[in-house]
1. Can you pull out the trypsin sites (Lys or Arg not before Pro) in the stretch 48-105 that DSSP calls coil and that have at most 16 other Cβ atoms within 10 Å?
2. Tell me what the chain gives for mean residue ellipticity at 222 nm when only DSSP H runs of n ≥ 4 count, each as -39,500 (n - 2.57), the sum divided by the residue total, rounded to 500 deg cm²/dmol.
3. Report the paramagnetic label zone for residue 1: residues of the stretch 31-71 whose backbone N is under 13 Å from a point 7 Å from Cα along the Cα-to-Cβ axis.
4. Rounded to the nearest 20 debye, what is the charge dipole size of the chain about its Cα centre when +1 sits on each Lys and Arg Cβ and -1 on each Asp and Glu Cβ?
5. Along the stretch 47-61, what does the Karplus equation 6.51 cos²θ - 1.76 cosθ + 1.60 (θ = phi - 60°) give for ³J(HN,Hα), rounded to whole Hz, x for Gly and Pro?
6. Under a crude label model (7 Å from the Cα following the beta-carbon direction), how far is residue 118 from residue 26 in nanometres?
7. Decide, for the stretch 3-132, between rounded, prolate and oblate: order the square roots of the alpha carbon gyration tensor eigenvalues as a ≥ b ≥ c, take rounded if a/c falls under 1.5, and otherwise choose prolate if a/b is larger than b/c, else oblate.
Amino acid sequence: MPFISLLYFRTAAVFLLLGIVMGLHMAATHDHSTLAAHAHVNLLGWVTPALFGAYFAFNPGQAERRLARLQYGVYVVGVVLMSPMLYLMLRGQAQLEPMVIVSSLLVLAGAILFAIIAFTGPVRMVAPRVAAE
Ligand code: HEM
Ligand code: HEM
């Protein structure tokens with residue numbers, strides 16, 4: 001597996017644990033005020049990075065590009081900042097909204113970089129038969 005995929009899956013695993021803990025906390029306390037933080041930690045932190053990791057695993061040519069590392073850095077810094085800021089904002093810290101906006105824009109920048117990667121560069125797909133060996 002390319003290094004970037006390993007990084008993405010490790011990142012995704014950490015966010016999955018965080019997302020589940022947040023979900024269990026909501027369920028246990030019956031306080032669903034942080035629903036949006038839970039949903040986005042899971043979707044932006046677990047599901048999307050796992051998809052990025054899978055993309056790079058199936059496209060090893062793309063994984064070697066420096067752009068892939070830049071994309072990882074921008075996207076993950078965005079989600080790492082956005083998650084606690086959004087959580088705390090929903091817990092009443094309204095003054096954190098500008099930080100949520102800035103970190104959301106970083107996440108958007110990471111998504112734009114992924115789109116650039118997906119539309120450019122080498123396409124060297126791993127056939128499922130080869131991947132299974
Ligand atoms: C044991 C693990 C989990 C628990 C206990 C849990 C618990 C919850 C709870 C209590 C809510 C609020 C429901 C409401 O107020 O209507 C919720 C919403 C949500 N959860 Fe989880 N969750 C878990 C895992 C996940 C995972 C793994 C994902 C995504 C991959 C996820 C995605 C969502 C989404 C998208 C919402 C918002 C749904 C909506 O808009 O109504 N959850 N979850
Ligand atoms: C930086 C990127 C994103 C921003 C700024 C954003 C923003 C928002 C906002 C403002 C809401 C409404 C929240 C509310 O009514 O309380 C929302 C809801 C939702 N978003 Fe996102 N979103 C982003 C990315 C995504 C992605 C990539 C997914 C799916 C993979 C997603 C899935 C959802 C879902 C399922 C809901 C309904 C659950 C909830 O209320 O939190 N979002 N989003």
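Quick note: the coordinates plus some simple rules give every number you see, no bench work behind them. Just so it is clear, the structure is predicted and the values come from calculations on it, not from any experiment. FYI the Cβ positions are ideal-geometry reconstructions off the backbone, even for glycines, and counts take in every protein chain you see.
1. Sites meeting the loop and neighbour criteria: 91.
2. Here the helix-only value at 222 nm equals -24500 deg cm²/dmol.
3. Only 49-58 fall inside the zone, counting backbone N under 13 Å.
4. Around 360 debye, computed over the chain.
5. 5, 5, x, 5, 5, 4, x, 5, 4, 5, 5, 7, 10, x, x
6. Distance between the two pseudo-spin positions: 2.5 nm.
7. Taking the square roots of the gyration eigenvalues as a ≥ b ≥ c, the stretch 3-132 is oblate.
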